[in-house]
1. Here are the criteria: (1) open to solvent by 70 Å² or more (accessible area, probe 1.4 Å); (2) under 14 Å from the mean Cα position of the chain (by Cα); (3) without any contact (Cβ under 8 Å) to a residue 60 or more places away in the chain. Tell me which single one residue 5 does not satisfy.
2. Can you work out which of the residues in region 84-112 that are in a loop (DSSP other than H, G, I, E, B) and touching a Ser or Thr at 6+ places or on another chain (Cβ under 9 Å) is surrounded by the most Cβ atoms within 10 Å (Cβ to Cβ)?
3. Among the residues of region 43-78, which ones are of a type in the set (A, V, I, L, M), in a strand (DSSP E or B) and over 19 Å from residue 108 (Cα atoms)?
4. I'd like the full set of residues that are over 12 Å from residue 1 (Cβ atoms), open to solvent by 30 Å² or more (accessible area, probe 1.4 Å) and part of a helix (DSSP H, G or I), limited to region 149-175.
5. Can you tell me how many residues in region 113-148 are part of a loop (DSSP other than H, G, I, E, B) and in contact (Cβ under 8 Å) with a residue 60 or more places away in the chain?
6. Those residues that are modelled with pLDDT under 90 and among the polar types (S, T, N, Q), I need them from region 89-106; list them, please.
7. Going through region 24-83 one residue at a time, which ones are surrounded by 10 or more Cβ atoms within 10 Å (Cβ to Cβ), hydroxyl-bearing (Ser, Thr, Tyr) and more than 12 Å from residue 102 (Cα to Cα)?
Amino acid sequence: CYKLLGVKWRLLPVSYVINPEVEAIVPGAVLASNETWDKATSKELFNNSYTLDNTADWDGDYPDGRNEYSMGNYPQSGVIAVTVIWSGVPTGSKGRQILEFDVMFDTDFTWGNVALNPAVMDLQNISVHESGHGIGLGDIYTSSCSEVTMYGYSNYGETKKRTLEQPDITGLQKMYGL
């Protein structure tokens, strides 16, 4: 119940930038989601601090050297959020390395904190899942794996992706040996 994308970070921890639009919806949700991954490892995957920047956006065509979380209108209907990963083989390195990732939460959905309003798409829930892509894990679509964080479907009111399941942790261990 895990899928490796075949890429990983060479240097950890990863820094990231959050558009204030995201932070205004649920302050600290992205940080909490990244800490969820950090707590499952013996190393820091994500920096414990981040930068707020109005220019943080989803780079669908070209990377800009920053890992970014932003809001936007994804053109395909039904897509809750999307992560693009830029990778390559850096000079003098072996294997494909993640160079950058960007996350866009689709504005077609109503976002918030399910603990305060059960009728919203839970920002932290979806952010944990999308950050999993940012470190090299892929979506799982097998219904028997529907409880794992990297399961590719979600719904309004869901919070089960706020925590990791053993397959998510096993995928991390396979990639990073943590």
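1. Every condition holds for residue 5 apart from (3).
2. From region 84-112, those in a loop (DSSP other than H, G, I, E, B) are 89-96, 107-110; that's our starting set.
If we keep only those that are touching a Ser or Thr at 6+ places or on another chain (Cβ under 9 Å) as well, we get 96, 108.
On the way: 96: 17, 108: 14.
Applying the filter and picking the extreme gives 96.
3. In the first step, residues of region 43-78 are kept if they are of a type in the set (A, V, I, L, M); the result is 45, 52, 56, 71.
Among the residues that remain, those that are also in a strand (DSSP E or B) are: 52, 71.
52, the sole residue that qualifies.
4. Within region 149-175, 160, 162, 173, 174 qualify.
5. Residues in region 113-148 being part of a loop (DSSP other than H, G, I, E, B) and in contact (Cβ under 8 Å) with a residue 60 or more places away in the chain: 7 in total.
6. Applying the first criterion (modelled with pLDDT under 90) to region 89-106 yields 89-96.
Passing the criteria: 91, 93.
7. Scanning region 24-83 gives 33, 36, 41, 50, 51, 55, 74.
The values are calculated or read from the model by the stated rules, or taken from the named source; none is laboratory data. In this text the structure is predicted, and so the values were computed from the model without any measurement. Glycine also receives a Cβ, built like all others from the backbone with ideal geometry; neighbour counts cover every protein chain displayed. Remember, those area values only see protein heavy atoms, side chains included, never the ligands or the DNA or RNA. Shrake-Rupley method; radii C 1.70, N 1.55, O 1.52, S 1.80 Å.
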